[in-house]
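The block underneath contains the structure these notes are about, expressed in structure tokens.
The values are calculated or read from the model by the stated rules, or taken from the named source; none is laboratory data. It should be emphasised that the depicted structure is a prediction, and the values quoted were computed from it without experimental measurement. With ideal geometry, Cβ positions are generated from the backbone for all residues, glycine too; neighbour counts draw on all protein chains shown. To get the accessible areas, we keep the full protein, side chains included, count just its heavy atoms, and leave off ligands, DNA and RNA. Shrake-Rupley method; radii C 1.70, N 1.55, O 1.52, S 1.80 Å.
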Amino acid sequence: MTATVESTATPTTTSMPRIGDPAPVFTAQTTQGEIHFPGDYAGRWVILFSHPADFTPVCTTEFMTFASLEAEFAAYNTALVGLSVDGLYSHIAWLRTIKDRIEFRDMKDVEVTFPLIDDVSMEVATKYGMIMPGEDSTKAVRAVFVVDPRGVVRTIVYYPLSLGRNFDELLRVVKALQTADAFDVATPADWRPGDRVIVPPAGSCGTAKERMEGAEEGVECVDWFFCTKELPADVVESTIRTGS
Ligand code: BEZ
């Protein structure tokens, strides 16, 4: 016999920006001074991310990893901005502790130089839907908003409190979005630079037929709606990687 469990809890709803929306505007105090978001980042990609609390272990590993990848993200014109609902002095004390005392994997003496937002009021976290009361009503979950140089939200990823983020994936997301924009292509499952990319679908019966007959050089079609082409890693990298 199958047991049925009926929930009596009232579901809560949270508003949040959606993919394709302008990133909600805010001004905030951070560990690097005041920021105006997203205006201060015009022309750059940004990863705006929340974490549940200072002086907690999973968050500590995430901050060390973000900080050690900061230069790599910067090479793809991408800035990092963190947030938690802790205050500025807590942030400063925690980041000092990380630098002075914490070793994790091959990382030590790690200095976090990207801004960490003081959001004690929860204003920004609420605007971005980072508080998920079913998980915790007083802490932000691990939200990630990838915002493009025009200030538009392009990708949103959420993780619960217990699960540290995958940073290879975040870097892959940035590279894939930038590649899609630069080459007018889409990227298939698990795509990485050097893998074949998907060309936009044929917009007419004529193009569909031509593609299936192999008329477009370098384009291979699995079916009329599913065509790919080569895009070498060095071409991708030399286009999207703007720093060393
Ligand atoms: C952590 O970062 O370790 C953590 C934070 C909040 C809840 C659970 C874990």
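Among the residues that make up the range 83-102, is at least one of them within 16 Å of the ligand (Cβ to nearest atom), open to solvent by less than 80 Å² (accessible area, probe 1.4 Å), touching a Pro at 6+ places or on another chain (Cβ under 7 Å) and of a type in the set (S, T, N, Q)? Yes, some residue in the range 83-102 is within 16 Å of the ligand (Cβ to nearest atom), open to solvent by less than 80 Å² (accessible area, probe 1.4 Å), touching a Pro at 6+ places or on another chain (Cβ under 7 Å) and of a type in the set (S, T, N, Q). Picking from residues in the range 159-176 that are without any contact (Cβ under 8 Å) to a residue 60 or more places away in the chain and part of a loop (DSSP other than H, G, I, E, B), the one that is nearest to the ligand (Cβ to nearest atom) is 160. If only residues of the range 44-78 that are more than 14 Å from the ligand (Cβ to nearest atom) and open to solvent by less than 10 Å² (accessible area, probe 1.4 Å) are counted, the one that is nearest to residue 243 (Cα to Cα) is 75. Candidates in the range 188-235 are the residues that are under 30 Å from residue 169 (Cβ atoms) and among the aromatic types (Phe, Trp, Tyr); of these, the one that is most open to solvent (accessible area, probe 1.4 Å) is 225. Residues in the range 135-156 that are within 19 Å of residue 116 (Cβ to Cβ) and away from the ligand (no atom under 16 Å from the Cβ): 145, 146, 147.
Here is a yes/no grid of residues against (1) in contact with a Cys (Cβ under 7 Å, 6 or more places away or on another chain); (2) in contact (Cβ under 8 Å) with a residue 60 or more places away in the chain; (3) in a loop (DSSP other than H, G, I, E, B):
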site: 114; (1), (2), (3): no, yes, yes
site: 121; (1), (2), (3): no, no, yes
site: 124; (1), (2), (3): no, yes, no
site: 138; (1), (2), (3): no, no, yes
site: 143; (1), (2), (3): no, yes, no
site: 146; (1), (2), (3): no, yes, no
site: 149; (1), (2), (3): no, yes, yes
site: 154; (1), (2), (3): no, yes, no
site: 157; (1), (2), (3): no, no, no
